[in-house]
Structures are given as structure tokens and as C-alpha cells.
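A short worksheet on the structure shown next.
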Amino acid sequence: MSNAYKDDETHEGVEAVADSRIVQLADTLVHHSIEVKQGERVLLMGSTVAEPLLKEVYRTILQAGGLPITQFTLPGELRILLDEGNEQQLTDLPFEEWAFHHVDALIQVVAPANTKELTGIDMNKLQLRQKAFEPLSQRLMTDQIRWVVTQFPTNAGAQDAEMPLEQYEDFVYGATNVDYAKLKETMEEAAAYFNKASKVRVVAEGTDITVDIEGREAVISYGKRNVPDGEFFYTPNHLKTEGCIYYDWPALIGGREVQGIRLVFKEGKVVEASAEKGDDYLQQMLETDEGARYLGELGIGTNFGIAKPTKSVLFDEKIGGSVHMALGNAYKKAGEGNKSAIHWDMVKNLKDGGEIYLDGRLIQKSGEWVY
């Protein structure tokens, strides 16, 4: 049983006292991430599986003087839509169209009841759904709406992380409830070296890839858009990526897991792609649109409190001693770049001998800074 509440026994009509870690996370989302102000409309989205956190965030928005608007989904709802929906049903987004143009901020709580829910779905339907959301996603990617996403610990997440639920809860709250001001300082120190560079070269197992960031400034991520956090990232020149990369950690998107991905880039474009598991899915995702074969992001993980991957990209891409490169759409906040209906983060482990070079100078070895 989840420790979402401090006391299992409650009297009729009396709500249990929320876990203090949930209260702290809700406070971070509302006051640090979104900075809700009096009279602002805040869209709160999430699965009913995350009820304890959703309630506490709702309460905290009200206490801050915000106007919460809720959209909660049922476990399995998306699977039913993708199985049964026709084209009109898959692309009809009346609530989202209204909300994404009339709210000031968005808080999304991810809470998977089944992380394999979308296994075997019709990829054409999923791509249709993704393309319908693309104009709305662009409002987030261009910061027309303040937004943050977090994850609630569920049994499904714990199973993927290979932990008992209570241990997984400790892991999640240990990663989310941190000193973001201190984390920001350490990232700014490292990012200063990257900001002066043109070429970032990553060398590791099966990997020798160079990404161009000339003229770009790092975006420091310290709990404003993701919680947990701990990365700085760039929008690369998507036409200048060269080389190959092998991902030994699984890459996940749309509820699907792909393992052993190998990508070869030439003049920015993926010209060769294979996967040891889920290759068909990888090939289909690369055909989403023209931009799906180009990089939209280069990210450097700096949260050394997250020690290992748990098959949740929200956590995995922040691991200290890793880099991630996203195929697809770029965040405009980090500069003009690639455009696509997808944004697929793939995380590369560098802690076992991997190296990062800036314009030929070694800057990180086996996940440790050497500047």
C-alpha cells in the first residue's frame, strides 16, 4: 500500500493527513515551478491514480489564489481511445483547444497504472493523435503557457524500477524534493564551459558523435519545467550532427520501450537506425515526419542523486554522468531548431568510461567533471 497518507485509519467525513513529502512536492510545483499568482487560471492534468498528489496540488493552487481547472483521466482511457477511436475521435480536442488558449499555467502529473499499456497499438493512430496535439504542444515548447510535469509513484513505476513500492516512493520523493537553488549553481558552473564551445563530442561504447552548439546558450533546468530536475540543455544546429551513437539504456516513448538503439547521423539526419528490441517501432517513429530524423535537443544530466535508470525518462535524463539527445522537436526557449510532432529523449550512460569533449578538450570522464 502506498504511503500517500500518514494514517491508514480515518474517521468518516474526516480526510486523512497527506504524506509530508506530497505536501512538499505540491508546494514546489505551485510556488517554485509555476509561481501561481492571484487570479491565474491553472490547468491541472493527471490520472486518477495520482489522487493524493492531485488533491494536494489543487489545494495549494487555491491557497495561492489561483483558479484551478482540472482534467483527470482514468487508467486505460488512452488505450481504449486508440483501439476504438476513428479519425474524428482521435483528432477532436475541444477541451484542450480551449484550455491551452485560456490558461496561464499547466501542471501535469504522470502516474502510470500500466507502463506497457500501449503495446501493440496501431502506430498510425498514435501518430494521428500526436499530430493533432502538435499545435498545442508548440504553445508549451514556446513558453506561451508556464508548465511543469512531475511523476507520482505507482506500482507500475516501481515494477519498472525493480523496487518495492515503498522503496520507489523514497526514490521518487528523494529526487523531487531537493534544493533547486543549489542544483542551479552547480549546473551554471558546468554550463559556462559548454557555452564557450562550438562542438560537443561524445565518445563511449559504440559511440562517437559530434553535435554543433555554436552560438547557443544553455537552458538551466532546476525545477521550473520538470520535477525532478537537474540538466542543462541546448537546441543544436540540427543540420550539423555527425557520427554514431549507441544507447545501452532503454528509450521509451508513447508507452513503448525500445532497447539497444544505434543511430548514424550524416549532415544532421539519421541515415541508419536499428534497435535490438522494438526495431519496428523505432522505424515507424522515424517516419512520423521529416523532423523525426533530426536532433531537437542535447541535454547533460547533472543530478547525481539519481543513481540508476528506472525506465522513466523524466528521471533517467537527469542522471549525473549521462547525456541525452532528443529526436524531433526543439524547445524554442533554447533557440531556433528542428520541428516535428515527436520529441523522443534517448539517454546515454557515460559513467563507464564515456567522455565528453568541447572543441577537442576533455571536459568529462566516466561521468565526472575534469575541468
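Here are the numbers for this structure:
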{"item": "Given (1) open to solvent by 10 Å² or more (accessible area, probe 1.4 Å); (2) in a loop (DSSP other than H, G, I, E, B); (3) within 24 Å of Ala273 (Cα to Cα), number of the condition Asp345 does not satisfy", "result": "(2)"}
{"item": "Residue count for segment 79-120, restricted to those that are open to solvent by 70 Å² or more (accessible area, probe 1.4 Å) and in a helix (DSSP H, G or I)", "result": "11"}
{"item": "Filtered residues of segment 253-293 (kept if open to solvent by 30 Å² or more (accessible area, probe 1.4 Å), assigned to a loop (DSSP other than H, G, I, E, B) and within 21 Å of Val200 (Cβ to Cβ))", "result": "Glu267"}
{"item": "Residue in segment 109-132 that is among the charged types (D, E, K, R) and within 15 Å of His343 (Cβ to Cβ) present", "result": "yes"}
{"item": "Those residues of segment 348-362 which are open to solvent by less than 10 Å² (accessible area, probe 1.4 Å) and in contact with a Ser or Thr (Cβ under 7 Å, 6 or more places away or on another chain), in sequence order", "result": "Lys348, Leu350, Gly354"}
{"item": "Qualifying residue in segment 113-128 (condition: among the β-branched types (Val, Ile, Thr) and in contact with a helix residue (DSSP H, G or I) (Cβ under 7 Å, 6 or more places away or on another chain))", "result": "yes"}
{"item": "Given (1) open to solvent by 40 Å² or more (accessible area, probe 1.4 Å); (2) among the polar types (S, T, N, Q); (3) part of a loop (DSSP other than H, G, I, E, B), index of the condition Thr186 fails", "result": "(3)"}
{"item": "Criterion: hydroxyl-bearing (Ser, Thr, Tyr), within 22 Å of Lys224 (Cα to Cα) and not in a loop (DSSP other than H, G, I, E, B) - qualifying residue of Tyr168, Tyr173", "result": "Tyr173"}
{"item": "Count of residues meeting criterion [in a loop (DSSP other than H, G, I, E, B) and hydroxyl-bearing (Ser, Thr, Tyr)] in segment 191-241", "result": "4"}
{"item": "Checklist (1) under 16 Å from Trp369 (Cα atoms); (2) surrounded by fewer than 23 Cβ atoms within 10 Å (Cβ to Cβ) applied to Phe232, failing item", "result": "(2)"}
{"item": "Residue within segment 315-331 that is outside any loop (DSSP other than H, G, I, E, B) and farther than 26 Å from Val110 by Cβ present", "result": "no"}
{"item": "Matching residues, segment 142-173, being among the aliphatic types (A, V, I, L, M) and out of contact with any helix residue (DSSP H, G or I) (no Cβ under 6 Å at 6 or more places or on another chain)", "result": "Val149, Ala156, Met163, Val172"}
{"item": "Pair list, Cβ < 7 Å and 6+ apart or interchain, from segment 295-316 residues that are at pLDDT 95 or above and among the aromatic types (Phe, Trp, Tyr) to residues that are surrounded by 19 or more Cβ atoms within 10 Å (Cβ to Cβ) and part of a loop (DSSP other than H, G, I, E, B)", "result": "Phe315/Pro228; Phe315/Ile306"}
{"item": "Output for segment 26-44, where each listed residue is farther than 24 Å from Thr73 by Cβ and not in a helix (DSSP H, G or I)", "result": "Glu35, Lys37, Gln38, Gly39"}
{"item": "Residues (surrounded by fewer than 18 Cβ atoms within 10 Å (Cβ to Cβ) and either in contact with an Asp or Glu (Cβ under 9 Å, 6 or more places away or on another chain) or among the aliphatic types (A, V, I, L, M) (or both)) located in segment 53-78", "result": "Lys55, Leu62, Gly65, Leu67, Ile69, Gln71, Phe72, Leu74, Pro75, Gly76"}
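The values are calculated or read from the model by the stated rules, or taken from the named source; none is laboratory data. The structure presented is a predicted model; accordingly, all values stated were derived computationally and were not measured. Please note: Cβ atoms are built from the backbone with ideal geometry, for glycine as well, and neighbour counts cover all protein chains shown. Each accessible area value is taken on the protein alone, full model and side chains, heavy atoms only, with ligands, DNA and RNA left out. Shrake-Rupley method; radii C 1.70, N 1.55, O 1.52, S 1.80 Å.
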